[in-house]
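Written below as structure tokens is the structure these notes are about.
The values are calculated or read from the model by the stated rules, or taken from the named source; none is laboratory data. Please read these numbers as outputs of a predicted model, since none were measured by experiment. All Cβ positions, even for glycine, are placed from backbone atoms using ideal geometry, and neighbour counts span all protein chains on display.
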Amino acid sequence: MDDQLTPQKKWYEKTWVIILFLLIFWPVGLFLMWRFADWSKTAKVVVTIIIAGSVILWMMLILLGGILFMLDSSADVEPLAESREERSQPEPQEGSEEQEASAPDSTLLFDRMKDIKLHFDDRNWKLGYQDKQGSNIIMEYVLEGETVYTRSEMVTVNFLGTMAGATPQQFAALMEEGLREDTDGDLEFNIFNERNNELMYEFILKNDSQEADQHEVARVVAVNDGIFVLHYMIEEAPMSPEHRQKWIDLLSKAEVY
């Protein structure tokens, strides 16, 4: 008779259910424990303290991990544009007609670019910007007194690790396709100096609604782990034949590995 009068516990009032929730979802577990468990108050307090301590510990570990991640990431982040503008290439030696940007430049952040030997004309050029996204790297050189945002001319070096195995012809085709899709001006695109693993291209863009008139010559070189693209651009279209030939020669002399 007494057994028949004893109310049956609902499933969420049973001890094993409460313990399970304490293990897998403690907020519900704590509620069920304090509301339904036939435990002493001391036991409930001890369980609550243990769970609260565990939660605090996990939050501290997560916070510490986030701080360490931010510190580690910041080591690879390029300083702000103002700092970029302060760095410059070595001055040309007296009497020389060109200057080289290569391994001794300690401002280069990315090892893959430190063996490149670039050639510039006799004006003062500086490294204005560099960045790395995955296996793709970019370096942009501008004239002294200009920035990458206010430049009239620019030399750009791209390393495209994501295009390892592609040919220079494939890259040039993608470049032309992208230009024709993204511009609405008068575009002329030419490929020349094709060899086994490299080529040169140029484009002349005029009368575009978004972009300034510009003329670019570029050299594309396929290497084992990707593709190098060396560009010279001037916001003038077209550049003079003498100026064009000078930069074709300078880009052709650059050494890439």
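Glu188 falls short of the stated requirement of being closer than 24 Å to Leu118 by Cβ, in a strand (DSSP E or B) and acidic (Asp, Glu). None of Leu187, Leu251 is more than 21 Å from the chain's Cα centre (by Cα), within 24 Å of Gly128 (Cβ to Cβ) and hydrophobic (A, V, I, L, M, F, W, C) except Leu251. Annotation: Ile227 fulfils all but one of (1) outside any strand (DSSP E or B); (2) closer than 28 Å to Asp122 by Cα; the unmet one is (1). Just one of the listed residues (Ala172, Ala237, Ala212) is within 25 Å of the chain's Cα centre (by Cα) and of a type in the set (Gly, Ala, Ser), and it is Ala172.
Conditions tested, residue by residue: (1) touching a Leu at 6+ places or on another chain (Cβ under 9 Å); (2) of a type outside the set (Phe, Trp, Tyr); (3) surrounded by 15 or more Cβ atoms within 10 Å (Cβ to Cβ).
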{"residue": "Glu202", "(1), (2), (3)": "no, yes, yes"}
{"residue": "Phe228", "(1), (2), (3)": "yes, no, yes"}
{"residue": "Asp249", "(1), (2), (3)": "no, yes, no"}
{"residue": "Val256", "(1), (2), (3)": "yes, yes, yes"}
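With the structure loaded, tell me whether Arg123 is surrounded by fewer than 14 Cβ atoms within 10 Å (Cβ to Cβ) and modelled with pLDDT of 90 or more or whether it fails that test. Spelling it out, Arg123 is indeed surrounded by fewer than 14 Cβ atoms within 10 Å (Cβ to Cβ) and modelled with pLDDT of 90 or more.
Conditions (1) of a type in the set (D, E, K, R); (2) in contact with a helix residue (DSSP H, G or I) (Cβ under 6 Å, 6 or more places away or on another chain); (3) assigned by TED's automatic domain parsing to the domain that holds Val217; (4) in contact (Cβ under 8 Å) with a residue 24 or more places away in the chain, marked per residue:
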position	(1), (2), (3), (4)
Arg112	yes, no, yes, yes
Lys117	yes, no, yes, yes
Phe120	no, no, yes, yes
Arg123	yes, no, yes, no
Leu127	no, no, yes, yes
Gly134	no, no, yes, yes
Glu140	yes, no, yes, no
Glu144	yes, no, yes, yes
Glu153	yes, no, yes, yes
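Among the residues of region 175-224, those that are closer than 26 Å to Met163 by Cα and either basic (Lys, Arg) or not assigned by TED's automatic domain parsing to the domain that holds Pro241 (or both) comprise Arg180, Arg195, Arg219.
Identify all residues within region 209-257 that are of a type in the set (D, E, K, R) and within 17 Å of Ser152 (Cβ to Cβ); write none if there are none. Please lay out each step first, then the result.
Residues of region 209-257 that are of a type in the set (D, E, K, R), as a first pass: 211, 213, 216, 219, 225, 235-236, 242, 244, 246, 249, 253, 255.
Glu211, Asp213, Glu216, Glu235, Glu236, Arg244, Lys246, listed by residue number.
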